[in-house]
Amino acid sequence: MARRAAYALQPFVRRSGVLQPTDLLRTEDEAHVFRVGRAMAKRVAGLAFFKITTSAEGDEWAEVEVLCTDGDVPDLGS
């Protein structure tokens, strides 16, 4: 099965004092996911950046790697 890398950004916000994830943003380009993260960093409580190895179609995730986190994020088990 052919595989490819996708990149994701998970923002977290605080609502009524509780840390909650918002919409997961996906892109095919690592530099792009970091540019988007820098642009939104001051508007959210925290960010988590991921590299996701997927099937060629992108419908099956084979491996998820936490590239880095910034700010207030829950323990991601990394």
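The values are calculated or read from the model by the stated rules, or taken from the named source; none is laboratory data. Please read these numbers as outputs of a predicted model, since none were measured by experiment. Heads up, the Cβs are rebuilt from the backbone with ideal geometry, glycines too, and the neighbour counts pull from every protein chain shown. What goes into the accessible areas is simple: the full protein's heavy atoms, side chains included, and nothing from ligands, DNA or RNA. Shrake-Rupley method; radii C 1.70, N 1.55, O 1.52, S 1.80 Å.
For Lys42, indicate whether it is in contact (Cβ under 8 Å) with a residue 40 or more places away in the chain, at negative phi and either open to solvent by 50 Å² or more (accessible area, probe 1.4 Å) or not in a strand (DSSP E or B) (or both).
No.
Please list, ordered by first then second residue, the pairs with beta carbon atoms under 7 Å, 6 or more apart or interchain, first in the stretch 53-66 and closer than 15 Å to Glu30 by Cα, second assigned to a strand (DSSP E or B) and β-branched (Val, Ile, Thr).
Val64/Ile52
For the stretch 1-35, how many residues are of a type in the set (A, V, I, L, M, F, W, C), touching a Gly at 6+ places or on another chain (Cβ under 8 Å) and under 16 Å from Ile52 (Cβ atoms)?
Number of matching residues: 2.
Scan the stretch 13-31 residue by residue and report those that are closer than 22 Å to Ala2 by Cβ and either in a helix (DSSP H, G or I) or open to solvent by 30 Å² or more (accessible area, probe 1.4 Å) (or both).
First, pick out the residues of the stretch 13-31 that are closer than 22 Å to Ala2 by Cβ: 26-30.
Arg26, Glu28, Asp29, Glu30 - these are the residues of the stretch 13-31 that are closer than 22 Å to Ala2 by Cβ and either in a helix (DSSP H, G or I) or open to solvent by 30 Å² or more (accessible area, probe 1.4 Å) (or both).
Please indicate, with yes or no, whether at least one residue in the stretch 45-53 is out of contact with any Phe, Trp or Tyr (no Cβ under 8 Å at 6 or more places or on another chain) and open to solvent by 50 Å² or more (accessible area, probe 1.4 Å). Give the steps one after another, and end with the answer.
Filtering the stretch 45-53 for residues out of contact with any Phe, Trp or Tyr (no Cβ under 8 Å at 6 or more places or on another chain) gives none.
No, there is no match, as no residue in the stretch 45-53 is out of contact with any Phe, Trp or Tyr (no Cβ under 8 Å at 6 or more places or on another chain) and open to solvent by 50 Å² or more (accessible area, probe 1.4 Å).
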